[in-house]
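Visitor: Next up is a structure, given as C-alpha cells.
Computed from the coordinates by the stated procedures, all read-outs in this text should not be read as laboratory data. Every value quoted in this text rests on a predicted model; they were computed, and no experiment measured them. Every residue, glycine as well, gets a Cβ built from its backbone with ideal geometry; the counts of neighbours run over all protein chains shown.
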Number of protein chains: 2
Amino acid sequence: MRLTYEQILDKLGETVGWERRGDGISRVFKFRDFKEAVAFVNKAAEVAEEMDHHPDILITYNTVQLSVFTHSEGGLTDKDFALAKKVNQIV
Amino acid sequence: MRLTYEQILDKLGETVGWERRGDGISRVFKFRDFKEAVAFVNKAAEVAEEMDHHPDILITYNTVQLSVFTHSEGGLTDKDFALAKKVNQIV
C-alpha cells in the first residue's frame, strides 16, 4: 500500500540520510575508494535479494547512490523504508 | 590526450554497443535478473581497477549502464575506448 505524504515525512524522519528525490527516496554513501564502494554495493545487493526489493544503484568512483521506489504500487511503501533502514545497518 | 571528434567517431565504429552520451560514451547491458547484473558489475569493476579507470555504473534491476569519460583531460581519450573494449570482452 502506498504511503501518504504525511507517512512519508514521518518515516523519512526516522531513516537517517535518506531524502525524497524524484518519485522515490535516495541516499548517497561515500567511501574511501572505488573498491570499497563496490564492496558496499555487494552487501546492499544481498539485502535487496533477501527482501526481493531492488534499489537503483549508481556508483561514481567512491560514492554510491541508492534510490528506491515501489514500481508495482506507483509510489513509496513500507518496503522502501524497510530496505533503506536495513541498508543503513550495513554501512 | 583528448581525441578529436573524428577520432571518436572512428573508435565508436569499432566499439560494439557503445554510443556517445553526454560528454562520455556509454553502453547499456541487459541481464536475466538483478543477481546477474551485479555479477557483471563485479567483473567490470575488476577491469576498472586493473586499468585504474573507473566508469560510472548504474544498476537498474537487470540492466547495467556503464559511462566513461576522462575527467583529467576533460574529454574522451584512448583510455575510455580501451576500457569499453575490455568490458565488451567480459559480457
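Visitor: Could you look through region B:61-79, keep only residues that are in contact with a helix residue (DSSP H, G or I) (Cβ under 8 Å, 6 or more places away or on another chain) and within 20 Å of residue A:66 (Cβ to Cβ), and pick out the one that is surrounded by the fewest Cβ atoms within 10 Å (Cβ to Cβ)?
Guide: B:63
Visitor: Under the condition of being over 13 Å from residue B:46 (Cα atoms) and either of a type in the set (A, V, I, L, M) or within 12 Å of chain B (Cβ to nearest Cβ) (or both), which residue from region A:27-39 is surrounded by the fewest Cβ atoms within 10 Å (Cβ to Cβ)? It would help to see each step written out before you state the result.
Guide: In the first step, residues of region A:27-39 are kept if they are over 13 Å from residue B:46 (Cα atoms); the result is A:27-33.
If we keep only those that are either of a type in the set (A, V, I, L, M) or within 12 Å of chain B (Cβ to nearest Cβ) (or both) as well, we get A:28, A:33.
On the way: A:28: 15, A:33: 12.
Among residues in region A:27-39 that are over 13 Å from residue B:46 (Cα atoms) and either of a type in the set (A, V, I, L, M) or within 12 Å of chain B (Cβ to nearest Cβ) (or both), the one surrounded by the fewest Cβ atoms within 10 Å (Cβ to Cβ) is A:33.
Visitor: If you don't mind, another one. Regarding region B:15-25, can at least one residue be identified that is touching a Lys or Arg at 6+ places or on another chain (Cβ under 8 Å) and among the aromatic types (Phe, Trp, Tyr)?
Guide: Here is the first cut: in region B:15-25, the ones touching a Lys or Arg at 6+ places or on another chain (Cβ under 8 Å) are B:15, B:17-19.
Next, only the ones that are among the aromatic types (Phe, Trp, Tyr) stay: B:18.
Yes - at least one qualifying residue is present in region B:15-25.
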